[in-house]
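Colleague: Please find one structure pasted underneath; my questions will follow.
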């Protein structure tokens, strides 16, 4: 049986879709067959972040409404043969989704894949519920700012009330320079305030924008970039490895690039 | 309340603000209710002690099983005649 993990957040724009695509790709690279599901019905994005928008034929609503089989709706990744996307529908509303049917789809995927990652929509409305209901584990994406942490706390409360108790934080867009100048919340205090452990702290990394624009997943296109390295560690931690969180000094990183460029 | 001093680092201000916001969110307390809760705590304690009102700290820690409400109130002295 596969594991189903919902990637969620209270606030929009914190990087749920980027985290879903990259963690999914890293799990696939570790040899695990993985499906990433876009649950943002009406505002689909995961296909674009993975650069698969031209290959989408069917979507999750077609499966729910029996227009096609699950296998027909799955889109294989361009580079990783054991990574698949189940796209959202662009023409439906979140209210159109039958939660029981989503649970059925996920149960059936769990029988055939090692991991099912659900990319949840922002907010705590209907779409959020249908992405949380099938999951037994949750990753909560949070950026180091007051509103994101506050909204994450709300989401933790709601998720716990739905019976998911395996919850980890993914702290995204962490800027060590700002943290060192005491201008940004450090990750230890975010963990402390929310009372939830972090499974990864992803550094602010401009490569994310570049690779997303190209329609490539960061861990595929720039596996050596700081954020990609942390995504790789997150996948290994999900797989059960114990790897302590360590924040790399950005200066070292630029030093390394420079050295590599010269050689 | 004067905890957000101008020369405090932004990260500390963020932390203090978040702690207060989350207490109110988690206990479903309005800022007004929260202030009157604090006043009530102070009123009871000042019956028995002289306390430093300015440096009172309130915190709500959440674990999986329960929430723990914590108030740290520095005591200057025990009231005489007790």
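The values are calculated or read from the model by the stated rules, or taken from the named source; none is laboratory data. What you see is a predicted model; the values in this text were computed from it and never measured. Neighbour counts run over all protein chains shown; Cβ positions are idealised from the backbone, glycine included.
Colleague: Just the residues that are more than 14 Å from chain A (Cβ to nearest Cβ) and surrounded by 10 or more Cβ atoms within 10 Å (Cβ to Cβ), please, taken from the range B:2-28.
Modeller: Hit for the range B:2-28 is B:3, nothing else.
Colleague: With the condition being out of contact with any helix residue (DSSP H, G or I) (no Cβ under 7 Å at 6 or more places or on another chain) and under 30 Å from residue A:81 (Cβ atoms), I'd like the helices (runs of 4 or more DSSP H) fully within the range A:115-225 carrying at least 2 qualifying residues.
Modeller: Fully inside the range A:115-225 and qualifying: A:207-214.
Colleague: Here's another thing I want to ask about it. Of all residues being touching a helix residue (DSSP H, G or I) at 6+ places or on another chain (Cβ under 8 Å) and modelled with pLDDT under 90 in the range A:226-263, which is surrounded by the fewest Cβ atoms within 10 Å (Cβ to Cβ)? Just the residue, please.
Modeller: Taking the candidates together, the pick is A:249.
Colleague: Moving on. If you go through the range A:185-209 one residue at a time, how many are within 11 Å of chain B (Cβ to nearest Cβ) and surrounded by fewer than 17 Cβ atoms within 10 Å (Cβ to Cβ)?
Modeller: Total meeting the criteria: 3.
Colleague: Restricting to the range A:117-130, count the residues that are at pLDDT below 90 and either under 13 Å from residue A:159 (Cα atoms) or in contact with a strand residue (DSSP E or B) (Cβ under 7 Å, 6 or more places away or on another chain) (or both).
Modeller: Residues flagged as at pLDDT below 90 and either under 13 Å from residue A:159 (Cα atoms) or in contact with a strand residue (DSSP E or B) (Cβ under 7 Å, 6 or more places away or on another chain) (or both) within the range A:117-130 amount to 6.
Colleague: Take the residues in the range B:29-45 that are over 22 Å from residue A:193 (Cα atoms) and within 10 Å of the chain's Cα centre (by Cα); name whichever of them is surrounded by the fewest Cβ atoms within 10 Å (Cβ to Cβ).
Modeller: Among those that are over 22 Å from residue A:193 (Cα atoms) and within 10 Å of the chain's Cα centre (by Cα), it is B:39.
Colleague: Which of the residues spanning the range A:1-36 are assigned to a loop (DSSP other than H, G, I, E, B) and either touching a strand residue (DSSP E or B) at 6+ places or on another chain (Cβ under 7 Å) or free of Cβ contacts under 8 Å to residues at least 60 places away in the same chain (or both)?
Modeller: A:2, A:9, A:14, A:15, A:31, A:32
Colleague: Moving on to the next point. For residues in the range A:164-179 being over 13 Å from residue A:142 (Cβ atoms) and within 10 Å of chain B (Cβ to nearest Cβ), which is surrounded by the fewest Cβ atoms within 10 Å (Cβ to Cβ)?
Modeller: A:165
Colleague: Do we find a residue being closer than 24 Å to residue A:24 by Cα, more than 14 Å from chain B (Cβ to nearest Cβ) and surrounded by fewer than 24 Cβ atoms within 10 Å (Cβ to Cβ) anywhere in the range A:135-158?
Modeller: yes
Colleague: Same structure again: Restricting attention to the range B:46-79, and to residues there that are more than 11 Å from the chain's Cα centre (by Cα) and within 14 Å of chain A (Cβ to nearest Cβ), which single residue is nearest to residue B:20 (Cα to Cα)?
Modeller: B:61
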